[in-house]
Amino acid sequence: MGALTGFVLGTVLLLLGSETCTAAKPELTVTTIKQDPYTMSKGSQLEGYCMDLLSELAKKLGFKYKVNLVKDGAYGRQDESGNWNGMIGEVVRGEADLAVAPLTLTATRERAVGMTKPYMQTGISILLRKDIVSEDTGFFNFLSPFSGETWLGILIAYLVTAVCICIVARLSPCEWSQPEAEDNHFTLMHSLWYTAGALSLQGAGPHPKALSGKVISCTWWLFVVVLLACYFSGLSSTQSSESTHLTIKGFDDLANQDIIEYGTLAGSSTLAFFKNSNNPVYRRIYEHMERQKSFVSSMDEGVQKAKEGSYAFIGESVSLDLAVARHCELVRAHEVIGMRGFSIVTPLDSPMLKNLSIAILQLSESGELAYLRSKWWASSCMMERAKATSLKAHSLKGIFLVLAIGLGLGVLLALLELSSKSRSSAQEQRKSCCTVLTEELSQRLRTSNVKNARETSDKSKA
C-alpha cells in the first residue's frame, strides 16, 4: 500500500514539474541587423520582410521571442584566430537563440552554426546607372519609337483611310460621273496602294478629283507628316543615346573595360565568392577590387556610389532588385552568378533547426514567401519606366482625332455631292429624290454593274 501511494505521489509530482517547465518556457532571443527591407525601424518597433517571416514562424511553431539589433552591426565573419563577429558570433557565443536576417548560406558558416533551408534564393549581380549602360539591341529595334498599341492604331488608321477613299470615290459624282459606262479608278486595291504611297512620302496617282476625296487625302497627308516626324525623332534619340553607352550584360563585359570602377561590400560573402573562385574572370575582378580598394562599408553606400555614376556595385541580386525598385535611375545587369540562399541561423545541433526548415518549406508551398517578397519589393518606378520607353497611342491621340474628323467630313461631303446630283436628276426625270438617290447608291455600290452593262452593250453591238 505504501509503495502504491509513493508511486502515485511521484507521478503527480512529475506531471506538475512538467507543466511548470512548460509554463516557464523562456522566450527566444533573436538577433538581426537593420537593412531595408528586411528589418527597418518604425517608431519604437521593427518591421520588414524578416520581421513578417519571424512572426509567421512563431505562429506555426508556437514560440515567443524578443528581437535585438546586433551590437557590432556586422553579419558574421570569421577572423584569423577562428572567432566570429556579428550575428553569427552572437549565436555561437549563446547570446542569441536565432539570427533572422539576410544571411547567406555558406560552407564556412555551416560548420560553426546551424542554418535552415533557404527562405529566399539569391545570387550575385551588378548594379549600374541607366545612363551609362545600354542593353544589346535586337533585330526589330527600329520599331522601338512606337509601342505595340501605337503600331496597331496606325495599321487600323491605314486600312480605314483606304476604305474611306474607295467609298468616297464611288459615291461622289465628281469622281465617278457615269458608273454605268466607265470604270472607277479608285478600286480597293488602288486605294490601299494610294494610301501606302502617301505613308512613304512617295505618292501614287491618280489623285482624287472630287472635293470629298481631296479632304480625305489632305487629312491623311497631315497624319503621315506628324507620324513620321514623331517616329524619326524617337529613332534618332534612341540611336544617339545608345552610341554613347557601354554594353555591360555581365561580368565578362565588366572585367574587360576600364571606364567604370566597380566594387562590393567589404567582408561580405560576395567578396569571398570572388576571392575563392577559380574562374579567371572572377579572379581578375577580385584582384582589381583589391588593388583599387574599391570596397564599400554598407549596402547603402554602394547604392549611393552607383547613383552618382561611373561605379558599378556588385552585390546580392535580391538587394540590387530592391535598389532598382526604389531608385528609378538604376538598373541591374541580367547575368546572375553564384546562386545561393538566405537562411535563418540557430546554434549548432539545435533541436529547432529541423522544425524551422519544415515551417519555411510550408510557407513557400503556400505562397506566403512569394507574397512577402511582392509586399516588400514593390516598385515605384513602373510609371516612369513606361513613360521613358515607346510612344503610346494616347500620346498621339490628337492626330488620330484629326484623321477621324477628316474621314468623317470626306464621307459626308461625298453624300452631299451625290444628294445634289440626285436632286437634279429627280427634277429632270420627274421622280422623287429618295427614289433616284436609292437607285444611285445601289448602282454605285455594286461591283458587278459595270461589267454587266458592258457585256450587254457588246452583245447589242454584235
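The values are calculated or read from the model by the stated rules, or taken from the named source; none is laboratory data. Here the structure is a predicted model, which means the values were calculated and not measured. Cβ placement follows ideal geometry from the backbone for every residue including glycine, while neighbour counts extend to all protein chains displayed. When the accessible area is computed, the model is the full protein with side chains, heavy atoms only, and any ligands, DNA or RNA have been set aside. Shrake-Rupley method; radii C 1.70, N 1.55, O 1.52, S 1.80 Å.
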Within the stretch 36-51, track down each residue that is over 26 Å from the mean Cα position of the chain (by Cα) and not polar (S, T, N, Q). Met40, Lys42, Gly43, Leu46, Glu47, Met51
Anything in the stretch 161-194 that is open to solvent by less than 10 Å² (accessible area, probe 1.4 Å), in contact with a His (Cβ under 9 Å, 6 or more places away or on another chain) and modelled with pLDDT under 85? List them, or say none. Ala169, Trp176
Looking at the stretch 62-73, which of the residues that are surrounded by fewer than 16 Cβ atoms within 10 Å (Cβ to Cβ), part of a loop (DSSP other than H, G, I, E, B) and touching a residue at least 24 places away in the same chain (Cβ under 8 Å) is farthest from the chain's Cα centre (by Cα)? Lys64
Note on the stretch 195-230: residues under 16 Å from Ile154 (Cβ atoms), modelled with pLDDT under 85 and more than 34 Å from the chain's Cα centre (by Cα) are Ala198, Leu201
Among (1) within 22 Å of the chain's Cα centre (by Cα); (2) not in a helix (DSSP H, G or I), Leu348 falls short only on (1)
Scanning the stretch 270-310 for residues that are hydroxyl-bearing (Ser, Thr, Tyr) and in contact with a Leu (Cβ under 9 Å, 6 or more places away or on another chain) gives Tyr286, Ser297, Ser298
Output for the stretch 288-312, where each listed residue is assigned to a helix (DSSP H, G or I), surrounded by fewer than 20 Cβ atoms within 10 Å (Cβ to Cβ) and out of contact with any strand residue (DSSP E or B) (no Cβ under 6 Å at 6 or more places or on another chain): His288, Glu290, Arg291, Gln292, Asp300, Glu301, Gln304, Lys307, Glu308
Selection within the stretch 79-96 - within 40 Å of the chain's Cα centre (by Cα) and not in a helix (DSSP H, G or I): Asn85
If you go through the stretch 31-61, how many residues are under 14 Å from Leu103 (Cβ atoms) and either part of a helix (DSSP H, G or I) or among the hydroxyl-bearing types (Ser, Thr, Tyr) (or both)? 8
Across the stretch 134-149, the tally of residues that are within 23 Å of Lys397 (Cβ to Cβ), outside any loop (DSSP other than H, G, I, E, B) and either modelled with pLDDT under 80 or in contact with a Leu (Cβ under 6 Å, 6 or more places away or on another chain) (or both) stands at 2
Count of residues meeting criterion [over 22 Å from Gln292 (Cβ atoms) and part of a loop (DSSP other than H, G, I, E, B)] in the stretch 313-345: 5
Could you grab me the full set of residues in the stretch 169-221 that are in contact (Cβ under 8 Å) with a residue 60 or more places away in the chain, outside any loop (DSSP other than H, G, I, E, B) and more than 28 Å from Gly398 (Cα to Cα)? Arg170, Leu171
Can you pull out the residues in the stretch 331-371 that are of a type in the set (A, V, I, L, M), surrounded by fewer than 17 Cβ atoms within 10 Å (Cβ to Cβ) and either in contact with a Leu (Cβ under 7 Å, 6 or more places away or on another chain) or more than 25 Å from Ser268 (Cα to Cα) (or both)? Ile358, Leu361, Ala370
